[in-house]
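Below: one structure, written as structure tokens.
Just so you know, all these numbers are worked out from the coordinates, no wet-lab data involved. What you are looking at is a predicted structure, and each value in this text was computed from that prediction instead of being measured. Methodologically, a virtual Cβ is constructed for each residue, glycine included, from the backbone with ideal geometry; neighbour enumeration extends over all protein chains shown.
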Amino acid sequence: MLWKNKNEFTFEGKEYEAEDTVTKCLEESRRWTEVVAAAKVETGARNQRPRDGKAWTVPENGRVKCNIGISWSKATCMVGLGWIVRNSEGDTMLHSRRDFNGVSSLLEARRLGLIWAAESMNSHKLQKVSFELEDYELVGSVNRPKA
């Protein structure tokens, strides 16, 4: 609200009463607080009930865990990827997300997700990272490449 009023004053010469601006700012702040509170309740409910019924598990001592999420669209050949790194207390250390175009299969999307997350851990100089994603075949091929 303040930036909008400042810009309108600067570029259009439009002036506002201070009392009106403060009233509008307080109203916007109240709305924002309500939206954030509602989002926290919704997010909390989602985090308490994982889709597959599994809860987050603590990484081994001295390690961090990188969970990878993948959402692929066959219709658009796009994939959205995200990862989050947490310590043994469950505290978030890092997270990121991005998308890729021209991804023709779910397997390719999953491979991209794992490679991107591993490259990200390397660029952040993180060592002793456990990766977790929902693809038993891909995880097995990484854990036991000769199997």
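Taking the Cβ of each residue in K24, K4, K65, K125 as the centre, tally the other Cβ atoms inside 10 Å and list the residues starting with the fewest.
Ordered from fewest to most neighbouring Cβ atoms within 10 Å, K24, K4, K65, K125 come out as K125, K4, K24, K65.
Mind listing the phi-derived Karplus ³J(HN,Hα) values for the stretch 102-119, rounded to whole Hz, using 6.51, -1.76 and 1.60 with θ = phi - 60°, and x for any glycine or proline?
x, 9, 8, 8, 5, 4, 4, 4, 5, 4, 4, x, 5, 5, 4, 5, 5, 4
Need the full-extension length gain, E17 to T76, defined as separation in residues times 0.36 nm minus the C-alpha distance. One decimal, nm.
So the chain would gain 16.3 nm between E17 and T76.
What does the extension gain come out to for D91 and R30, with contour length at 0.36 nm per residue minus their alpha carbon separation?
Stretched out fully, the D91 to R30 stretch lengthens by 19.1 nm.
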